[in-house]
Amino acid sequence: MKKSVLSASIALACCSFATVGFAAQTGPAANARASQTGIDSTELEISGSTNDIDWNLGVGALLDSTVAYSSLDYDTTSEADLDGFDGRLDGQVSFNFNLTADNGLTFGARVELEGFNQSNSDDDQDHLNEAFLFVKGNWGEVLIGDTYDAGRKLSETAPDVAFIGIEQNNFHDLVPYGGSVSDGIGSFDVGNDVRFGTLGDTLISNGASEPTGKISYFSPNLAGFIIGASYGRDDEQFDDGQINCADNVCEFFDIALNYVHSFGSFDLAASARYGTSTRDVPDTAPAGANRDDPEVYGFGLNLGFGGFTIGGSFADQSGTWEADGDAYDLGVSYEVDGLGLSLTYFNGENIDDENFSATPSPGFSNPKEEVEIIKIATNYDLGNGISWYGMAADVQFDEEVGDFNATGDDIDGFVIGTGFRLSF
């Protein structure tokens, strides 16, 4: 009988394949480009053998803790009082395991567990985020499972050194411009399409969907270029069963290009993406039914020199009707000796789905809603996987039409906060 052994060596390593590091850039886009199968931070890698088969196991984790003070102003009939100090926690644990076959191909899997449920999502959403199998070789890498589309993984965004980034569609946890707000008497709806939509992100997904079942391909790094493509039948996870494509949006296809190169002391990172899907409308549908195919496109650019990074990104969603809109961000950062500083601006706008009409009155268009965020932030690496950050931000959310107020349910807010991140 064979004896199972899992030991050998333990080392801090970063599981990477398509590494296209851009040292000057910060934020989620830089992490997303680093590796499609790796985790966003340094991992604990264990190499050993089980039943005479050599395995590599990577385990990574991070936890963010933030304490912030918010001051909010409502241009509504609401009597809600949400001013004061509050806290926010975010975390994840990632597992990667792989082995290299005799033919030189590497086979493996990645599972990412969220430490806390994401807001603005279904109450019954579990804590499993991405989960997929992969195979990679010198020809590239194929992913099969629940994951983000290629465009989101390869997109550049404006630099931002804060842990709670504008582009992480969770800033509304501190200023509630997404979802609904209760005032003890009732509630009023504010922005929608914040999570993966243009009201909270330029890293949008077509139809603002969560990680869903798909197959993706990423090319190897060719002179700084990486090409990615992904396909999913529908916007459900693989274990959620088949949905009826006769009256739903299906056939999601996404393609993206990322380019990173250094010209001496000058760094450049650029991206472009396009995504489309198919809406199969039955012949019996009403005359005013949406027959458009949802589409997304976007691009980003970052330039770095001497510790400075300046850049931005843009994204557009169309064909959904009630979630159509666009978003852009601009920012500048400076990093030296473990210290980072950034100034970032975000603007997102889309159709107000609360007051959307498929057949608006002649001469009228559907009302819109808009959010603007300007934020300054600092970050300091304390070493050994410990980082500190601080930030201050001004947030303005405006609706053309509100629930009970013809001028809209507008929210103005100011936030100042600080926190720590632990990671390995």
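The values are calculated or read from the model by the stated rules, or taken from the named source; none is laboratory data. Bear in mind that the values here come from a model prediction, so they are computed numbers and not experimental data. Because the Cβ atoms are built from the backbone with ideal geometry, glycine has one as well, and the counts that use them run over all protein chains shown.
Can GLY304 be described as crowded, with 18+ Cβ neighbours inside 10 Å, under 19 Å from ASN258 (Cα atoms) and in contact with a Ser or Thr (Cβ under 6 Å, 6 or more places away or on another chain)?
No, not satisfied.
Checking ALA131 against (1) within 18 Å of the chain's Cα centre (by Cα); (2) buried (at least 21 other Cβ atoms within 10 Å of the Cβ); (3) modelled with pLDDT of 75 or more, which test does it fail?
For ALA131, the failing item is (2).
Among ALA150, ALA80, which is surrounded by 14 or more Cβ atoms within 10 Å (Cβ to Cβ), of a type in the set (A, V, I, L, M, F, W, C) and modelled with pLDDT of 90 or more?
ALA150
If you scan the range 310-350, which residues turn out to be assigned to a loop (DSSP other than H, G, I, E, B) and out of contact with any Pro (no Cβ under 7 Å at 6 or more places or on another chain)?
Result: TRP321, GLU322, ALA323, ASP324, ASP337, GLY338.
For (1) among the β-branched types (Val, Ile, Thr); (2) under 27 Å from ASP410 (Cβ atoms); (3) at pLDDT 90 or above, each residue gets a yes or a no:
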{"site": "LEU62", "(1), (2), (3)": "no, no, no"}
{"site": "TYR69", "(1), (2), (3)": "no, yes, yes"}
{"site": "TYR74", "(1), (2), (3)": "no, yes, no"}
{"site": "GLY84", "(1), (2), (3)": "no, yes, no"}
{"site": "PHE95", "(1), (2), (3)": "no, no, yes"}
{"site": "ASN98", "(1), (2), (3)": "no, no, yes"}
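Which residues, counting only those in the range 308-323, are in contact with a Ser or Thr (Cβ under 9 Å, 6 or more places away or on another chain) and in contact (Cβ under 8 Å) with a residue 60 or more places away in the chain?
Listed by number, the residues that qualify are PHE308, THR309, ILE310, GLY311, GLY312, SER313, PHE314, ALA315, ASP316, GLN317, ALA323.
If I filter the range 222-249 down to residues being surrounded by fewer than 16 Cβ atoms within 10 Å (Cβ to Cβ) and either of a type in the set (Gly, Ala, Ser) or modelled with pLDDT of 85 or more (or both), which single residue comes out as farthest from ASP292 (Cα to Cα)?
My answer is ALA223.
Kindly indicate whether ASP337 is closer than 26 Å to SER216 by Cβ and at pLDDT below 95.
No; evaluated as a whole, the condition is false for this residue.
Within the range 319-339, work out how many residues are surrounded by 17 or more Cβ atoms within 10 Å (Cβ to Cβ) and out of contact with any Leu (no Cβ under 6 Å at 6 or more places or on another chain).
Summing the residues that are surrounded by 17 or more Cβ atoms within 10 Å (Cβ to Cβ) and out of contact with any Leu (no Cβ under 6 Å at 6 or more places or on another chain) in the range 319-339 gives 14.
Take the conditions modelled with pLDDT under 80, closer than 30 Å to LEU268 by Cα and surrounded by 19 or more Cβ atoms within 10 Å (Cβ to Cβ) and apply them to GLY178. Does it pass?
no
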